[in-house]
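S.K.: Here it is: the structure, laid out below.
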Amino acid sequence: MSFSFPTEVVREGKTSIVVPKLEAYVGKTRKHAPSKAPVFYNPIMKLNRDLAILTLQAYQRMAGREISVCEPLTGCGIRGIRLVKEVEGVRRVVLNDINSEAANLTRFNVERSESPDLFLVTNEDANLLLSRYAAPRRRFDYIDIDPFGSPVPYIDSALRALRDGGLLALTATDMAPLCGVYPKACVRKYGGKPLRTEYCHELAVRLLVGCLTVMAAKHEIGINVVFAHSTDHYIRAYAVVHYGAKKADTSLQKMGYILHCFSCLHREPSEGIFSFLKRDCPECGSKLNSAGPLWLDNLFDEKFCALMEKEMEEKGLKQDKKIVRLFSLVRNEVHAPITYYVVDKVCDKLNLPIPPLVKVIDELKKASFQAALTHFTTRGIRTGASAKAVNEVITKLTAQT
């Protein structure tokens, strides 16, 4: 098959696939611009796709059955084709894109694959496609929403097309609204207020999951977040859905706000969507700002993440330093306190030199506080210590040097 644009064959994981030749689409910075190509393909998202394979395999192992998959925004089809190739137990995959050239390229790549009979490739609106599978016994086990921008326009129809106990994956690349650069846009899209704090990427994930929680509750569906991460220019969350009004009520009880003081860096969770919010910081008396409503519960399921790690070893991804580092950090974050302190930010506030992160963690632990690194930033520490206690530890350390 010939295409109206230049192509090349790339290999990712165990799959070779035909994609647009990105050298032909260069942006003003002289870097490849995937969004400029007639069919979307972003090589930077390889880690995203690698983790999707580990997550889906872990889910399939826990489900103990063959599973069906839908990717309604497939682009060139690389994710869906890799899932069939690299995940055991996938029996059916529906790939769709509203872009006719993308659908054609996906069909071509499916025909090149080892199991073309497992695929159905369609060319229509993503929400329309998902609505066609909203009836019982037609629904999917796994739906992957990975758009250019916000996944919110597709969440409603994805929830309706997901079976009880199914797994939903959401990617958001519109980090400016979620991180507080455009707060009004975040409120419009996600129904929650962001804050421009040093831990804004965690807030972004919690706002995304909070939005999912509220939208799922409308359908009397509860959620359980099994894995989430913030990488490069995007955030990603995986949640298992559970049918039932009581399950939805339980999920809504895990919503609330994070109160933040920009003066002394104090922060604290405030449980409940309709909770009374404090006005003044308990540590310095300054005005408190709030982010939310958002998800306050865990972002990682310990058993599920352990299964993902096991799959990482079995699938030969232990050589990938990014994945290994991510799991080593997540392992310590599973039971860590909500939000994190960025040592550089604290030192900037105190006008002090920056001590080594390891020493700060050791001192916090000596003071009987929980403390761990976070995958959200290389300079962050999750701890149950108050802002005042963190300040005292850092001041003490810098005085010793």
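S.K.: Report the chymotrypsin sites (Phe, Trp or Tyr not before Pro) located in segment 243-279 that are in a DSSP loop and have at most 13 other Cβ atoms inside 10 Å of their Cβ, or state none.
M.R.: Here the sparse-neighbourhood loop sites are 274, 276.
S.K.: What is the sum of charges around residue 391, taking Lys and Arg as +1, Asp and Glu as -1, for the other residues whose C-beta is under 10 Å from the C-beta of residue 391?
M.R.: Every neighbour counted, the sum reads +1.
S.K.: Using a 1.4 Å probe and ignoring any ligands, DNA or RNA, find the accessible area of residue 132 and quote it in Å² to the nearest 10.
M.R.: Around 120 Å² of this residue is reachable by solvent.
S.K.: What's the center-to-center distance, using Cα atoms, between segment 249-285 and segment 334-384 in Å?
M.R.: Answer, in whole Å: 20.
S.K.: Could I ask something else about it? Kirkwood Rh and Cα-based Rg: tell me the resulting Rg over Rh for segment 209-309, rounded to two decimals.
M.R.: 1.05
S.K.: Rg to Rh for the chain: what is it, with Cα atoms only and Rh by Kirkwood?
M.R.: The Rg/Rh ratio comes out at 0.99.
S.K.: In straight Cα distance, which lysines are under 22 Å from residue 218, not counting same-chain residues fewer than 8 positions off?
M.R.: Straight-distance partners of residue 218: 189, 193, 246, 247, 254.
S.K.: Right, here's the next one. Where does segment 96-144 land on Rg(C-alpha)/(2.2 N^0.38 Å)?
M.R.: Relative to the rule-of-thumb radius for its length, segment 96-144 sits at 1.24.
S.K.: Right, next: Label points 7 Å out from Cα along the Cβ direction at residue 350 and residue 284: separation in nm?
M.R.: 1.3 nm
S.K.: Give me the number: length gained by fully extending residue 303 to residue 275, i.e. 0.36 nm times residue separation minus the C-alpha to C-alpha distance, one decimal in nm.
M.R.: Stretched fully, the residue 303-residue 275 segment lengthens by 6.9 nm.
S.K.: Can I ask one more? Arrange the residues 85, 287 by how much accessible surface each exposes, largest first, with a 1.4 angstrom probe.
M.R.: Sorted descending by solvent-accessible area, the residues read 287, 85.
S.K.: Restrict the search to segment 80-174; then list the chymotrypsin sites (Phe, Trp or Tyr not before Pro) that DSSP places in a loop and that have at most 15 other Cβ atoms within 10 Å of their Cβ.
M.R.: In loop regions of segment 80-174 (DSSP not H, G, I, E or B), the sparsely surrounded chymotrypsin sites (Phe, Trp or Tyr not before Pro) are 148.
S.K.: Given the Cα-Cα distance of residue 378 and residue 400 and 0.36 nm per residue of separation, how much length would full extension add, in nm?
M.R.: Stretched out fully, the residue 378 to residue 400 stretch lengthens by 5.5 nm.
S.K.: Please identify the DSSP H helices in the chain that span no less than 15 Å along the helix axis (Cα) and have a mean Kyte-Doolittle hydropathy of 0.5 or more.
M.R.: Taking the DSSP H segments of the chain (at least 15 Å long, mean hydropathy at least 0.5), we get 200-218.
S.K.: Please list 182, 341 from largest to smallest accessible area, probe radius 1.4 Å, with all protein chains kept in place.
M.R.: 182, 341
S.K.: Equivalent ellipsoid semi-axes for segment 290-401, as square roots of 5 times the alpha carbon gyration tensor eigenvalues: give them largest first, rounded to whole Å.
M.R.: 29, 17, 12
S.K.: Could you look at segment 171-280 and say what percent of its accessible area is carbon and sulfur, using a 1.4 Å probe and all protein chains?
M.R.: 57 percent
S.K.: Using alpha-carbon pairs under 8 Å, 6+ residues apart, how would you state the relative contact order of the chain in percent?
M.R.: Reported relative contact order: 10 percent.
S.K.: Hey, if we sort 21, 366 by accessible area with the 1.4 Å probe, largest down, what's the order?
M.R.: 366, 21
S.K.: Can you tell me the dipole magnitude for segment 266-401 around its Cα centre, using point charges on the Cβ only (Lys, Arg +1; Asp, Glu -1), in Debye to the nearest 20?
M.R.: Result for segment 266-401 is approximately 360 debye, rounded to the nearest 20.
S.K.: Would you please give the FRET efficiency between residue 320 and residue 366, computed as 1/(1 + (r/R0)^6) with r the Cβ-Cβ distance and R0 = 25 Å, to the nearest 0.05?
M.R.: After rounding to 0.05, the efficiency reads 0.10.
S.K.: Taking Cβ-Cβ under 4.7 Å as the only way to count a partner, pick out the unpartnered cysteines of the chain.
M.R.: So far as the 4.7 Å Cβ criterion goes, 70, 76, 186, 211, 305, 347 stand without a partner in the chain.
S.K.: Across segment 302-401, how many lysine pairs, 8 or more apart or on two chains, come within less than 18 Å at their alpha-carbon atoms?
M.R.: 15
S.K.: Right, another one. With every protein chain left in place and a probe of 1.4 Å, what is the accessible surface of residue 271, to the nearest 10 Å²?
M.R.: 150 Å²
S.K.: So if I place +1 on the C-beta of Lys and Arg and -1 on the C-beta of Asp and Glu, and nothing else carries charge, what would the dipole magnitude of the chain be about its Cα centre? I want it in debye, nearest 20.
M.R.: Computed charge dipole of the chain: roughly 460 debye.
S.K.: Once the principal axes of the Cα atoms of segment 48-139 are found, what is the range along each, listed largest first in whole angstroms?
M.R.: Per principal axis, max minus min of the Cα coordinates gives 36, 31, 25 Å.
S.K.: Using the Cα centre of the chain as origin and beta-carbon charges of +1 (Lys, Arg) and -1 (Asp, Glu), tell me which of 39, 270, 136 is placed farthest towards the positive end of the dipole.
M.R.: 270
S.K.: Counting only heavy atoms of protein chains, what accessible area per residue, in Å², does the chain have with a probe of 1.4 Å?
M.R.: In whole numbers, the chain has 44 Å² accessible per residue.
S.K.: Here's something else I'd like to know. Among residues other than residue 293 whose Cβ falls under 10 Å from its Cβ, what is the net charge (Lys/Arg +1, Asp/Glu -1)?
M.R.: Summing Lys/Arg as +1 and Asp/Glu as -1 gives +2.
S.K.: What figure in square angstrom, to the nearest 10, would you give for the accessible area of residue 320 with a 1.4 Å probe?
M.R.: About 40 Å², rounded to the nearest 10.
S.K.: If each residue of separation counts as 0.36 nm, what is the full-extension length gain between residue 134 and residue 5 once their alpha-carbon separation is subtracted?
M.R.: My answer for the length gained is 42.9 nm.
The values are calculated or read from the model by the stated rules, or taken from the named source; none is laboratory data. No experiment lies behind these values; they were computed from the predicted model shown. Here Cβ is always computed from backbone atoms with ideal geometry, including for glycine, and neighbour counts include all displayed protein chains. Keep in mind that these areas ignore ligands, DNA and RNA; they rest on the heavy atoms of the full protein, side chains included. Shrake-Rupley method; radii C 1.70, N 1.55, O 1.52, S 1.80 Å.
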